[in-house]
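Below you'll find the structure, written out as structure tokens, and then a few comments.
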Amino acid sequence: MTDTTHIASAFDRDLEAIQALIMKMGGLVETAISDASKALENRDTDLAETVRKNDKLIDALEEEVATEVARVIAMRSPTASDLRTVLSVLKISGNLERVGDYSKNLAKRTSVLAEMTPVNGTGASIRRMAKLVSMMLKDALDAYVHRDADLAMDVRARDTEVDQMYNALFREFLTHMMEDPRNITPCMHLHFIAKNTERMGDHVTSIAEQVIYLVTGEIPDEDRDKADKTAFVSSPD
């Protein structure tokens, strides 16, 4: 075996190990999305607290990915195409960490909302929206593993549906607030939860775009249709 072949096989092993971390991280994030939305719908403060605590595991995995990526770059001196792969992994882990943060934020507000009068139907609506984001994440990670640009493009396109669901929820919250002023405070919390869920979709879309970049060498540059923009108000990122 030549030195070049040995280096290449070592890089492949390193990349497989990092990919395993990404998939473990992705699994934890999918669970966080599901559990956070379930806790909201069922007003389950114990489950919400579990989501908050488990976010530390996601953060730790992101740090581990970053450490491994730095080590690989330092030790393996990857070629241009290999470096593209390594940097894509780094960006994917960053997006996963942000989705985990949004799930944690959802869980935090769930604990507050559990002390308030429920607003009929809103928890189930947000859970449907979160389920769509979770399915997009699963497909984005599958696209990464299989280097499937077409599947990644499909994930990217589906973000429009998330945006539409968010806009519909925004209008629903306004209706509830106008009908009964007592709904104003819970609906404000619910609005930030919906906005955070919409932002999860944006980060999942960024993962899909990294897959497209990984496969084709190009990031899609056309703007995605954000549908009805009337509901897009500022919220913490």
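Would you check which residues across region 106-127 are part of a helix (DSSP H, G or I) and loosely packed, with under 14 Cβ neighbours inside 10 Å and list them? It would help to see each step written out before you state the result.
Step one: of region 106-127, the residues part of a helix (DSSP H, G or I) are 106-113, 122-127.
Once the filter is applied, which keeps residues that are part of a helix (DSSP H, G or I) and loosely packed, with under 14 Cβ neighbours inside 10 Å, region 106-127 yields V112, A124.
Could you check region 128-160 and list, in sequence order, the residues that are farther than 12 Å from S206 by Cα, among the charged types (D, E, K, R) and in a helix (DSSP H, G or I)?
Matches in region 128-160: R128, K131, K138, D139, D142, D150, D154, R158.
Quickly run through region 21-41 and pick out the residues that are open to solvent by 40 Å² or more (accessible area, probe 1.4 Å) and in contact (Cβ under 8 Å) with a residue 40 or more places away in the chain.
The initial filter retains those residues of region 21-41 that are open to solvent by 40 Å² or more (accessible area, probe 1.4 Å), namely 23-24, 28, 30-31, 34, 38, 41.
Once the filter is applied, which keeps residues that are open to solvent by 40 Å² or more (accessible area, probe 1.4 Å) and in contact (Cβ under 8 Å) with a residue 40 or more places away in the chain, region 21-41 yields M23, L28, E30, S34, K38, E41.
Here's the yes/no breakdown for (1) more than 30 Å from G121 (Cα to Cα); (2) crowded, with 16+ Cβ neighbours inside 10 Å; (3) at pLDDT below 90:
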| residue | (1), (2), (3) |
| --- | --- |
| T197 | no, yes, no |
| V204 | no, yes, no |
| Q210 | yes, yes, no |
| G217 | yes, no, yes |
| R224 | no, no, yes |
| A227 | no, yes, yes |
| T230 | no, no, yes |
| V233 | no, no, yes |
| P236 | no, no, yes |
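Looking only at region 50-66, which residues are under 11 Å from T31 (Cα atoms) and of a type in the set (D, E)?
Once the filter is applied, which keeps residues that are under 11 Å from T31 (Cα atoms) and of a type in the set (D, E), region 50-66 yields only D55.
Mind telling me which of the residues L40, L15 ends up being over 30 Å from M116 (Cβ atoms) and at pLDDT below 95? Even if it seems obvious, please write down each step before you answer.
Working: L40 fails: over 30 Å from M116 (Cβ atoms).
Of L40, L15, the one residue that is over 30 Å from M116 (Cβ atoms) and at pLDDT below 95 is L15.
From D46, D12, D55, D82, which residue is assigned to a helix (DSSP H, G or I), within 18 Å of the chain's Cα centre (by Cα) and not hydrophobic (A, V, I, L, M, F, W, C)? First the steps, then the outcome.
Working: D46 fails: within 18 Å of the chain's Cα centre (by Cα); D12 fails: within 18 Å of the chain's Cα centre (by Cα); D82 fails: within 18 Å of the chain's Cα centre (by Cα).
On inspection, the qualifying residue turns out to be D55.
Cβ-Cβ distance below 7 Å, separation of 6 or more or different chains: which pairs start in region 82-93 with a residue that is over 16 Å from H146 (Cα atoms) and end on one that is open to solvent by less than 20 Å² (accessible area, probe 1.4 Å) and among the hydroxyl-bearing types (S, T, Y)?
No pair meets every condition.
The values are calculated or read from the model by the stated rules, or taken from the named source; none is laboratory data. None of the values given here were measured: they were computed from a predicted structure. Virtual Cβ from ideal backbone geometry, glycine too; neighbours counted across all protein chains shown. All accessible areas refer to the heavy atoms of the entire protein, side chains included, with ligands and DNA or RNA removed. Shrake-Rupley method; radii C 1.70, N 1.55, O 1.52, S 1.80 Å.
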